[in-house]
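So the structure is just underneath, and the comments pick up after that.
The values are calculated or read from the model by the stated rules, or taken from the named source; none is laboratory data. Everything numeric in this text was worked out from a predicted model, so none of it was measured. No Cβ is skipped: glycine too gets one built from the backbone with ideal geometry, and neighbour counts run over all protein chains shown.
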Ligand code: MBD
Ligand code: FE
């Protein structure tokens, strides 16, 4: 063993934690409290959330730096992607009783040569107008507020839903409590998630944000969101229009 990828990465992580312990003169009581907190977080089922909160954006950053710059930036998948959303034709189901401003998502998927990518499957999911995710919260059925959309012959797509809202990551458990103890809030800006897949291409997982929206520059999960998909405020026929063109890369 030794001198392999596992050794290299784990040793680097351990070294930076040791540095932090020395730098901050961490006491034995604090050390024990930290272990207890991690155990509690795991027992609450929030360990993935806690790790995502601190590190997911950094992993995505590394992906974006390594990708050729002509592809669209990746962004966090988050914990609420579900692969069993239905295919929809032009309209993601929303619930009358929730109301919300209509939203029109439209644009295209292209490859890095500017050629349209037809028949790409776009998974699109976002919160209800009161900040819940279907299939996860409040028994909202999975066919609402999420759907799969196929691009047309020219790589184009167009689909309606309703505008999502800023969202607090689960903040009643250990993750939210930790943010609170650190003096930080637990809000994410309003966002729409995308996962774009097409055989022969690398998957693209990303998010779009609303220019001028609250928390766009203070996301609890990453501080500042990738700017390319912060979409200017544009309304047509009462619908908030999100013009979004995606560039994906052929698989290596
Ligand atoms: C979300 O909706 C989300 O997108 C992320 C990244 C984390 C928690 C909740
Ligand atoms: Fe989300």
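Considering only residues that are under 30 Å from the mean Cα position of the chain (by Cα) and over 30 Å from residue 187 (Cβ atoms), which ones fall in segment 9-64?
Hits for segment 9-64 are 9, 10, 11, 12, 14, 15.
Applying the selection to segment 153-165, what residues are more than 10 Å from ligand 1 (Cβ to nearest atom) and either assigned to a loop (DSSP other than H, G, I, E, B) or over 19 Å from residue 100 (Cβ atoms) (or both)?
153, 154, 155, 156, 157, 163, 165
Restricting to segment 166-176, and then to whatever is within 14 Å of ligand 1 (Cβ to nearest atom) and touching a residue at least 12 places away in the same chain (Cβ under 8 Å), can you tell me which residue is surrounded by the most Cβ atoms within 10 Å (Cβ to Cβ)?
175
Would you check which residues across segment 195-223 are more than 14 Å from ligand 2 (Cβ to nearest atom) and under 17 Å from residue 122 (Cβ atoms) and list them?
196, 197, 198, 199, 200, 201, 202, 203, 204
Right, residue 180: outside any loop (DSSP other than H, G, I, E, B) and surrounded by fewer than 18 Cβ atoms within 10 Å (Cβ to Cβ) or not?
On the way: outside any loop (DSSP other than H, G, I, E, B): yes; surrounded by fewer than 18 Cβ atoms within 10 Å (Cβ to Cβ): yes.
The answer is yes for residue 180.
Checking residue 22 against (1) surrounded by 12 or more Cβ atoms within 10 Å (Cβ to Cβ); (2) more than 16 Å from ligand 2 (Cβ to nearest atom), only one condition comes out false. Which one?
Every listed condition holds for residue 22 apart from (1).
Results for (1) over 24 Å from residue 83 (Cβ atoms); (2) touching a helix residue (DSSP H, G or I) at 6+ places or on another chain (Cβ under 6 Å); (3) within 11 Å of ligand 1 (Cβ to nearest atom), shown as yes or no for each residue.
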site: 178; (1), (2), (3): yes, no, no
site: 181; (1), (2), (3): yes, no, no
site: 187; (1), (2), (3): yes, no, yes
site: 191; (1), (2), (3): no, no, yes
site: 195; (1), (2), (3): no, no, no
site: 199; (1), (2), (3): no, no, no
site: 214; (1), (2), (3): yes, no, no
site: 219; (1), (2), (3): yes, no, yes
site: 226; (1), (2), (3): no, no, no
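Among the residues of segment 99-128, count how many are buried (at least 18 other Cβ atoms within 10 Å of the Cβ), touching a strand residue (DSSP E or B) at 6+ places or on another chain (Cβ under 7 Å) and free of Cβ contacts under 8 Å to residues at least 60 places away in the same chain.
Going through segment 99-128 one residue at a time, the tally reaches 0.
From the list 27, 41, 94, exactly one residue is at pLDDT 95 or above, more than 16 Å from ligand 1 (Cβ to nearest atom), within 29 Å of residue 172 (Cα to Cα) and crowded, with 16+ Cβ neighbours inside 10 Å. Which is it? Step through it out loud before you land on a result.
Details: 27 fails: crowded, with 16+ Cβ neighbours inside 10 Å; 41 fails: more than 16 Å from ligand 1 (Cβ to nearest atom).
Of 27, 41, 94, the one residue that is at pLDDT 95 or above, more than 16 Å from ligand 1 (Cβ to nearest atom), within 29 Å of residue 172 (Cα to Cα) and crowded, with 16+ Cβ neighbours inside 10 Å is 94.
Name the residues in segment 60-75 that are surrounded by 13 or more Cβ atoms within 10 Å (Cβ to Cβ) and either without any contact (Cβ under 8 Å) to a residue 12 or more places away in the chain or not in a helix (DSSP H, G or I) (or both), would you?
Scanning segment 60-75 gives 61, 63, 67, 71, 72, 73, 74, 75.
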